[in-house]
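The structure appears right after this line, and notes come after that.
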């Protein structure tokens, strides 16, 4: 039973990664997209580096919404706590754009809306940058990504630029734009 459940979770996460990849491909000009990337000593579920001259780094962490899990205040409060913990953990990510993607696996589930307090937690302490939140519904035939909170660009640094150049040189992308010859 556990093996089947773990396999289902792996499939849900894989479908979410593909949907997020498509979302980023349409958002960026010439992205290179990587799954399960080791970035700067941390793990990212999806990493996209735009090679259109900017080299902007987009990092995504997945949060699986398991609607069966609740606390005394219900599923929404439970999910809020789980996402808040993911946001806190993601603060140290060195990249230009940061996203938490909530994966919904249950059909006809009311879309979760983050609280005002959680949205405020997504703001950079210095005011430059905001972590984005995405909602990925993998319960239907076509996985769908909705923006719950638009990401805003965090400050850049020489270290981020060097990390992205080194990463692109050393890793094969899961997807990248290639010009026809």
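Bear in mind that the values in this text are calculations on the coordinates, not laboratory data. Note that the structure is predicted; figures quoted are calculated from it, not measured. FYI the Cβ positions are ideal-geometry reconstructions off the backbone, even for glycines, and counts take in every protein chain you see.
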Estimated 222 nm signal from helices in the chain, with DSSP H stretches of n ≥ 4 weighted -39500 (n - 2.57), rounded to 500: -11000 deg cm²/dmol
0 to 90° range, to nearest 10: angle between helix 158-170 axis and the chain longest Cα axis: 90 degrees
Kirkwood hydrodynamic radius of the chain, from inverse mean 1/r over distinct Cα pairs, in Å: 17.0 Å
Residue 123 versus residue 177: modelled label distance in nm, points set 7 Å from Cα along the beta carbon direction: 3.3 nm
Pair residue 150, residue 91: separation of 7 Å Cα→Cβ label points (nm): 2.6 nm
Extension reserve of the residue 169-residue 108 stretch, reckoned as 0.36 nm per residue once the Cα distance is removed: 17.7 nm
C-alpha long axis of helix 75-89 to longest principal axis of the chain, angle in °: 30 degrees
DSSP bridge orientation in the chain - percent antiparallel, rounded to nearest 5: 60 percent
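With 10 angstrom as the radius, rank 34, 135 by how many other C-beta atoms surround their C-beta, starting from the fewest. Mind dumping the intermediate values first?
On the way: 34 23, 135 19.
Listing 34, 135 from fewest to most nearby Cβ atoms yields 135, 34.
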Point-to-point label distance, residue 161-residue 7, nm (Cα→Cβ direction, 7 Å offset): 4.9 nm
